[in-house]
Amino acid sequence: MTHHPRAPSTAQPAAAGVLVILGASGDLTKRLLMPALLNLACDRLLPEGFAVVGMGRDELSTEEFRARLRGEIATFCTRPNVDPERWSWLESRIHYLAGEFDDGEAFARLRRRVDEVAAEVGATGNTLLYLAISPDFFALVNRQLDAAGFTRLPGAKRIIVEKPFGRDLASARALNQSLLAHWPEEEIYRIDHYLGKETVQNLLAFRLANGMFAPLWNARCIDHIQISATETVGVETRGGYYDRTGVVRDMIQNHLLQMMAYVCMELPTSLDPVAVRDAKSALLASVRRMEKGDVAEACVRGQYGAGKKADGSAAVAYSAEPAVDPQSSTETFAALRLHVDNDRFEGMPVYLRSGKSLWKRGTEIVVQFRPDTTAAAGVGLAGGAAEGNLLVFHIQPFQGVEIRMQAKRPGPMFTLQRAGMRFDYADTFDAARGTGYEVLLSSALNGDPTLFSRTDFVETAWEIVQPVLDAWAATPADDFPNYAAGTWGPRAASDLLARDGRHWHEILNRDVLARTAFFAEAPALVLNNLLPAFRPLAAEAGETIVAAGAHDDEMYFVCRGELEAIDGEGARLGVLREGEFFGEMAVLFDQPRAATVRATTPCDLLVLDGDEFRRIVNDFPAVAAEFRRIAAGRRSANGE
């Protein structure tokens, strides 16, 4: 969820101007651009001298186009209700004409209409040309705009280009050349809606305004960084687009590398757009390029098979999605290990991960600090402090910043407990939900390119992922699908970090825990204690989780998959399914494991250390009573 802060009393509306939308009758306009403009209008951040002129292939009059948008805004508005007065204000400034992209006369009519509308509202001299169209038409439309005189408009003019910006390095360079043939670099605004998210912008604010972290921002203090963008949905109606794209092109080459740049770049000397964009480009330029042989060792790809959605309903395999080739080798999951070869981060890995049809929706950046084991051991705290602290940037759907640390538990004993300090946007700011495009449109009207990508950044991003795409194209995957929908992704992604002695930080939220029946009604205080305590465990079919007679001290919650409990004679005692747990008897009663538990299907589990479990049981008597009731029932069923 993206939050757009309400305008403070000192905020000024954007500069007067005309927004020209090419492809105005398409989905982008109704789903994102119009809701974003309405949010700006409601916050009084659009000037009186503002208008929209759209051109699309649908044969509509201006009144018919307005009526269509009027019917659609209620569906796509991000506010609880459409403000009729502010929508009426915005609607009166929307104009439309029909035209085909190969029709030069249509662009001549568009130019005349833009001039008329700009004069009517007093917005002459500031024109935005938004290409809400397929990149396949960019070159043609730019030639038409040039021929119609848009490149020679008086005053300020900017062309806004949507992603995907190319599908590989060669096409991105060709696309840049076609744009630069008509527009100077300073007039090209390549848009990435992730940069409109408040928490992505807050990455820069966090680093600039919180000097206490500056001495720690290096490989001496940071062990590694993880950037994850996971989705619970599959490709659904986007199969035709996605099967030509894949997750590397759709997410990693743009969104994740943008976030990596903000986290890892050298701080700019000022917030001047040139300084910020120079710093981002320099960071990407310092990322180590992979050789062909590096890809198999440093990268993992996956494609989802049939499974379950987050709500428990059945999910089809990617190959069975509409408009997807049944034999497709397109990846729906990817994990990459990158290195930044500069003085600050030399030798420190950055792990990027993104995928569809996974167990949880969320975008997070996790900064894993190195533990100070020497100091901790000196006072007998190495066991708890050796894990190191985490700094977590929650990008979506929850927005905030969290520090995970160790703290002393209340009481006479000097014992440690995992704890967290968290800042949530929703709890701190009076904010209305937005699309992420509000700040980008406002910045474009004001001629501020800070949040837009420059030619060098785009091409360098492609240089980073091109070896991965080339290697995968040369060696089609023979194990797809290699993860079930609704799971944590392919097991190889866990192995990628395990080889480095690390693991993915699966950042939980209350919604995820609430899927387990036991926690559905648990108080927020209990959930807040549990969230930082769990660690993930992935098991293959046939793998033993606990062995009968063992004296290990852990409790397990089943997120996905099925397991069986077996007695000493090999007889099956029962089956454990999603939402259930096991291990509480061994932990509660300090006894060896009564049965062997092994996975019968690939499983994803959450593990709670015995000390953490006993602490929660001691702190929350109601939870303890429920666990003991279930444990007693199992003891009775086993004849004990």
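Some points to look at:
- Between Ile403 and Ala205, the modelled labels are 1.8 nm apart [label points 7 Å from Cα along Cα→Cβ].
- Contact order normalised by residue count of the stretch 196-498, Cα under 8 Å, 6+ apart, percent: 27
- For Lys408, no lysines have a Cα closer than 30 Å to its Cα, not counting residues fewer than 8 places off in the same chain.
- Each Cα pair under 8 Å and six or more residues apart adds its sequence gap; the mean of these over the residue count of the stretch 121-274 is a relative contact order of 21 percent.
- Only Lys, Arg, Asp and Glu carry charge here, each on its Cβ (+1 for the first two, -1 for the last two); on that basis the chain has a dipole of about 760 debye about its Cα centre.
- Computed about its Cα centre, the charge dipole of the stretch 2-162 is approximately 480 debye, with only Lys, Arg, Asp and Glu carrying charge at their Cβ.
- Under 18 Å from the Cα of Lys30 - lysines, other chains or at least 8 residues apart: Lys163
- Listed residue (Ile94, Val121, Phe452) projecting farthest to the positive dipole end of the chain, Cβ model: Val121
- Stretch gain in nm, segment Leu216-Arg344, where the contour uses 0.36 nm per residue and the Cα spacing is subtracted: 45.1 nm
- Here the 3J(HN,Hα) profile of the stretch 339-354, calculated from phi with Karplus coefficients 6.51, -1.76 and 1.60 at θ = phi - 60°, is 10, 9, 8, 9, 4, 6, 10, 3, x, 8, x, 10, 9, 10, 8, 8 Hz, Gly and Pro shown as x.
- Sorted by Cβ neighbour density within 10 Å, fewest at the top, the residues Ser228, Ser313: Ser313, Ser228
- The antiparallel fraction among DSSP beta bridges confined to the chain stands at about 65%.
- For Glu91, Glu198, Glu543, order by how many other beta-carbon atoms lie within 10 Å, fewest first: Glu543, Glu91, Glu198
- Between Glu59 and Ala524, the simple spin-label model (points 7 angstrom out along Cα→Cβ) gives 5.7 nm.
- In percent, rounded to a whole number, the relative contact order of the chain is 14, using alpha-carbon pairs under 8 Å and six or more apart.
- Per-residue Cβ neighbour rank within 10 angstrom, fewest leading, Arg535, Arg190: Arg535, Arg190
- Computed extension length for Trp89-Asp102: 1.4 nm, one decimal, from 0.36 nm per residue of separation with the Cα-Cα distance subtracted.
- At full extension, Arg361 and Thr75 could sit 100.7 nm farther apart than now, given 0.36 nm per residue minus the alpha carbon distance.
- Site pair Arg112 and Ala477 shows an inter-label distance of 5.4 nm when each label is modelled 7 Å from Cα along Cα→Cβ.
- The stretch 47-138: C-alpha gyration tensor shape, a/c 1.5 cut-off, then a/b vs b/c: oblate
- Loop-located chymotrypsin sites (Phe, Trp or Tyr not before Pro) in the stretch 553-610 (DSSP state other than H, G, I, E, B) with a sparse environment of at most 14 neighbouring Cβ atoms within 10 Å: Phe589.
- Under 12 Å from Lys197, Cα to Cα: aspartates and glutamates that are on another chain or at least 8 residues apart: Glu438
- Per residue, the chain reaches -9500 deg cm²/dmol at 222 nm when only DSSP H runs of four or more residues are counted, each adding -39500 (n - 2.57).
- Residues listed by number, the stretch 163-195, amide nitrogen under 11 Å from Arg244 label point at 7 Å toward C-beta: 167
- Taken over the C-alpha atoms, the stretch 157-294 has Rg and Dmax values of 17.1, 48 angstrom.
- In plain terms, if you count all Cα to Cα distances in the stretch 470-601 and split them into 10 Å steps from zero, the share in each step is 10, 33, 36, 16, 5, 1 percent.
- Among beta bridges that DSSP assigns inside the stretch 2-162, antiparallel share in %, nearest 5: 0
- Note on the chain: Cα convex hull, mean projected area over all directions, 31.3 nm².
- Per-pair calculated FRET efficiency, R0 = 25 Å: Asp609 and Glu569 via Cβ, rounded to 0.05: 0.25
- Residue-count net charge about Lys308 - beta-carbon cut-off 9 Å; Lys, Arg +1, Asp, Glu -1: 0
- Centroid-to-centroid separation of the stretch 338-360 and the stretch 59-133 [C-alpha atoms, Å]: 41
Each value in this text was obtained by applying a stated rule to the coordinates, not by laboratory testing. Quick caveat, the model's predicted, so the values are computed rather than measured. Methodologically, a virtual Cβ is constructed for each residue, glycine included, from the backbone with ideal geometry; neighbour enumeration extends over all protein chains shown.
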